[in-house]
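The values are calculated or read from the model by the stated rules, or taken from the named source; none is laboratory data. Treat the numbers as computed from the prediction; the structure is a model and nothing was measured. Note: ideal-geometry Cβ built from the backbone for every residue, glycine included; neighbour counts use all protein chains shown. Only protein heavy atoms, including side chains, enter the accessible area calculation; ligands, DNA and RNA are left aside. Shrake-Rupley method; radii C 1.70, N 1.55, O 1.52, S 1.80 Å.
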Amino acid sequence: MKTVRTVAELREARDQMIEVLVLEGNDAPLVGMIPTMGALHEGHLSLVEAARSECDVVVMSVFVNPTQFNDAADLDAYPRAAERDATLAEQAGVDLLFMPSATEMYPEGYATTVSVTGTLAEALEGAHRGRGHFDGVATVVAKLLIAALPDRAYFGQKDAQQLVVVKRMVRDLGIQTEIVACPIVRDEDGLALSSRNERLTDEDRLRAISLSRSLSAVAAAVADGETDTSELEALGLSVLAESDIDVEYLAFVDPETLHPAVSVDAPVLCAVAARVGEVRLIDNVMLVSPGRDTTDVTGVS
Ligand code: AMP
């Protein structure tokens, strides 16, 4: 694995890797990219596995993007583990690791923002973290995709709204990267893996399970035939209320438009966000009524 810190080095290394593959007889090598903020866990590594199985050159970026944090304390507290990340990335099969500094990404005089407007960026996370959050996400992902020019980029369904926003941005700007959605990786007890989980105390770790438990209860009710999202919301909130956490939202939305959904007569994204102690966590599940077409439930096509 090669580690680079500037966009110029990234481009050069990417082109060299492609050139070698072409010389070896691979006419059209595919480049796959996994953008991350580091503190890698099995969720990130599942994206590497997906990219490794489909692409010839696998690029990962590790960059804690300051512009998507609405809270300076949250940015400061975000876990950083550059050396461990490099070891895990190499073991997982990453070919090229891009670890830029903040000034490499946003040099003095930097003045451009990519902004996805409307409900996609303003609902759910946008409403709670402020609309600047997805401006930060869209801008950094656009910059990373333009820097690495991957054929495919792999994102986790864990950040379901981020996926919808990135898909819209890529389509709108005509960036020729296919966005691939990958399933949520969870701990055995159901907690969705997140770099932020590292910051949970033992007690908070137990409380945090209520997020996935509420989503499981909602999904089970849908499997039993409940379609009314106000009933489902009451059920999910009752599970969340059993543990001492600050729920920010439990929402039922159309997975493509993110408009509120009143009934699960088509796939519905159920998303939850809560503060558990010092840590803000999110999770989600796609709800599909029994007997409905389940061929496209990612909501990010
Ligand atoms: P992050 O480093 O948190 O910005 O995440 C980088 C990428 O990994 C994003 O596409 C996330 O959606 C994805 N990701 C984070 N956690 C998980 C998880 N538990 N399962 C699958 N993908 C994940």
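Descriptive notes on the structure:
- Taking the accessible area of the range 80-186, probe 1.4 Å, and keeping the other protein chains in place, the carbon and sulfur fraction comes to 50%.
- Over the chain, relative contact order from alpha-carbon pairs under 8 Å, at least 6 apart, %: 17
- Fraction of accessible area attributable to carbon and sulfur, the range 200-251 (%, probe 1.4 Å): 47
- Compactness ratio for the range 111-157: Cα radius of gyration over 2.2 N^0.38 Å (N = residue count) comes to 1.24.
- Taking every protein chain into account, the accessible area of the range 99-216 amounts to 44 square angstrom per residue (probe 1.4 Å).
- Helix 229-241 vs. the chain, principal-axis angle (Cα, 0 to 90°, nearest 10): 80
- Within the range 5-150: Cβ-based charge dipole about Cα centre, in debye rounded to nearest 20 (Lys, Arg +1; Asp, Glu -1): 360
- Degrees between helix 132-148 axis and first principal axis of the chain (Cα, 0 to 90, nearest 10): 30
- Close amide H partners of Met33, meaning residues 5 or more places away or on another chain with modelled amide H under 5 Å apart, are Val59, Arg152, Ala153, Tyr154.
- Charging the Cβ of each Asp and Glu at -1 and of each Lys and Arg at +1, and nothing else, the dipole of the range 70-225 about its Cα centre rounds to 440 debye.
- Within the chain, helix-based [θ] at 222 nm, where runs of 4 or more DSSP H residues each add -39,500 (n - 2.57), nearest 500: -13000 deg cm²/dmol
- Of all beta bridges that DSSP places with both ends in the chain, some 50 percent have antiparallel geometry.
- A Cβ-based charge dipole, computed about the Cα centre of the chain with Lys and Arg at +1 and Asp and Glu at -1, lands at about 560 debye.
- With Cα atoms, 0 to 90° folded angle of helix 160-173 axis to the chain main axis: 50
- Per atom type, the range 1-70 shows carbon and sulfur on 49% of its accessible surface, probed at 1.4 Å.
- Positive-end ranking of Val272, Leu250, Ala102 along the dipole of the chain, with charges on Cβ about the Cα centre, is headed by Ala102.
- Relative contact order (percent, whole number), the range 127-229, Cα cutoff 8 Å, 6+ residue spacing: 21
- For the range 78-95, the Karplus equation 6.51 cos²θ - 1.76 cosθ + 1.60, evaluated at θ = phi - 60°, returns couplings of 4, x, 10, 8, 4, 5, 4, 4, 5, 5, 5, 4, 5, 4, 7, x, 6, 8 Hz by residue, with Gly and Pro reported as x.
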